[in-house]
1. Would you look at the GNM of the chain, springs on alpha carbons closer than 10 Å, and say which of R130, R152, R334 moves the most?
2. Under the Karplus relation 6.51 cos²θ - 1.76 cosθ + 1.60, θ = phi - 60°, what is the ordered set of whole-Hz ³J(HN,Hα) values for region 30-43, x standing for Gly and Pro?
3. Which percent of Cα pairs goes in each bin when the distances of region 278-347 are cut into 5 angstrom slices starting at zero?
4. Rg to Rh for region 251-316: what is it, with Cα atoms only and Rh by Kirkwood?
5. Under a 1.4 Å probe, what is the accessible area of the chain per residue, stated in Å²?
6. With each label point set 7 Å from Cα along the Cα-Cβ vector, what nm distance links F264 and V393?
7. Say the dipole of the chain comes from +1 at the beta carbon of Lys and Arg and -1 at that of Asp and Glu; which of S277, S49, T90 then lies farthest toward its positive end?
8. Over the alpha-carbon set of region 1-70, divide Rg by the Kirkwood Rh and report the Rg/Rh ratio to two decimals.
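The values are calculated or read from the model by the stated rules, or taken from the named source; none is laboratory data. What you are looking at is a predicted structure, and each value in this text was computed from that prediction instead of being measured. We place every Cβ from the backbone using ideal geometry, glycine too, and count neighbours over all the protein chains shown. Each accessible area value is taken on the protein alone, full model and side chains, heavy atoms only, with ligands, DNA and RNA left out. Shrake-Rupley method; radii C 1.70, N 1.55, O 1.52, S 1.80 Å.
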Amino acid sequence: MITTGTREFWFATFALALGSFMIFANVHMTQPLLPQLAQTFHLSPLQASWSLTVTISMLGLSLLIYGPLSDALGRKNIMAVTLLGAVATTLAISQVETYSSLLVLRGLQGFFLGGLPAIAIAYLGDEFERKAVLVAVGLYISANSLGGVTGRLVSGFVGEHYDWQMVFLVLGFSSLGLVLLFIWLLPASKHFQAKAFHPRSVLADMRSHLQNPLLLTAYLIGGLNMMIFLSLYSYITFVLADAPYHLSIHALGMLFLTYLTGSFASAWSGRAALWLSQPICMILGILLLMLGTLLTLAGSLPMIVSGFLVNSFGFFLTHSTLSSWVSQHALKARASASSLYLVFYYLGASLGSFYLEPFWQWAGWAGVVSASLGIFAMTLSAALWLHFRQTRVTKALVGQS
């Protein structure tokens with residue numbers, strides 16, 4: 001098994017981080033463009049957000065396929081093929097001229113983008129020892145936020161100086177280089193044990209995961225947190241593009257630099273889990289999400305930015321911890337367990353705008369914040385349940401010894 005600090009550890013971790021960086025740059029590239037897309041194609045904020053929603057929805061649904069498929073066919077080849085497919089669709093989108101064509105190709109792009117997220121954690125679980133998994137997962141997920149930041153920054157800069165088609169062209173060719181590096185760096189699996197692909201067996205595994213309360217609770221926390229976290233960024237772009245802020249597309253892209261605190265939180269989460277329990281890390285992250293969301297109500301631009309800095313740290317601390325939790329508590333079919341977590345995660349993200357839109361229409365940003373805090377209160381309660389459940393189990397084991 002690969003141990004922390006070895007050459008194989010750094011090659012594999014860096015390769016997966018590069019793939020993750022590329023994935024999330026492509027997923028989130030349209031977010032700073034939402035006001036521009038709304039103006040160009042005469043769309044409402046909800047309709048413009050479909051350019052992000054359709055990609056995330058298809059990504060989430062594709063995980064139901066890639067996870068079980070990789071349990072049968074292996075990890076690396078599926079990740080490589082799907083990454084190349086994502087590059088091809090990104091370049092194809094740069095040539096379309098209608099919003100309906102953009103949405104169709106963004107859906108196909110999302111389907112390809114699901115390959116690596118569905119399999120990466122399972123690859124780490126197969127090849128890395130437990131301590132190395134905790135560290136590598138944190139670094140891998142930190143690349144998620146870095147990729148999301150970079151994709152949005154490039155999108156904002158290129159979109160302001162050229163047009164939205166050029167955004168896809170630039171990110172498409174950049175992504176191709178990252179995929180080639182991924183293929184070269186990632187070691188082939190040595191400990192993978194193939195499991196015959198039987199649909200009935202796959203459904204049985206899924207049912208088993210959903211019947212495991214430790215996994216189901218983690219799935220719900222991850223999905224509900226993502227539902228709010230991502231959508232807060234979408235709605236704040238419309239707030240900041242309007243009076244009294246009047247931020248440009250480039251400046252809106254700069255807002256996503258707040259994701260950098262999430263990169264730090266993800267990288268730190270593996271080490272934090274060595275001296276804090278994982279449920280405590282989740283609780284801390286959700287409390288920070290609530291605090292950051294409240295800070296944005298102050299109204300000034302510095303306070304809004306500060307709120308999103310806190311939000312990003314809290315969200316990615318919780319998300320990284322949940323990813324490790326799922327990998328450790330899956331009793332079998334680790335890839336499908338991780339994929340099912342991401343299905344909840346991305347489907348939650350795709351539903352956020354639909355949930356928040358009525359509150360936006362009712363009371364603007366204040367309505368969005370109040371609706372968000374209600375969801376965070378639910379996930380905080382779920383994390384507290386995991387904490388008390390783990391505490392009871394630990395006390396029982398100590399009593400038996």
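1. R130
2. Taking θ as phi minus 60°, the curve returns 7, 4, x, 8, 4, x, 5, 4, 4, 6, 5, 9, 6, 10 Hz for region 30-43.
3. Histogram of Cα-Cα distances, whole percents per bin: 4, 18, 20, 17, 16, 11, 8, 4, 3, 1.
4. Numbers: Rg = 12.6 Å, Rh = 12.1 Å.
Rounded to two decimals, Rg/Rh equals 1.04.
5. Ligands and nucleic acids excluded, the figure is 38 Å² per residue.
6. 3.2
7. Toward the positive end, the furthest listed residue is S277.
8. Numbers: Rg = 17.6 Å, Rh = 14.8 Å.
We get a ratio of 1.19 for region 1-70.
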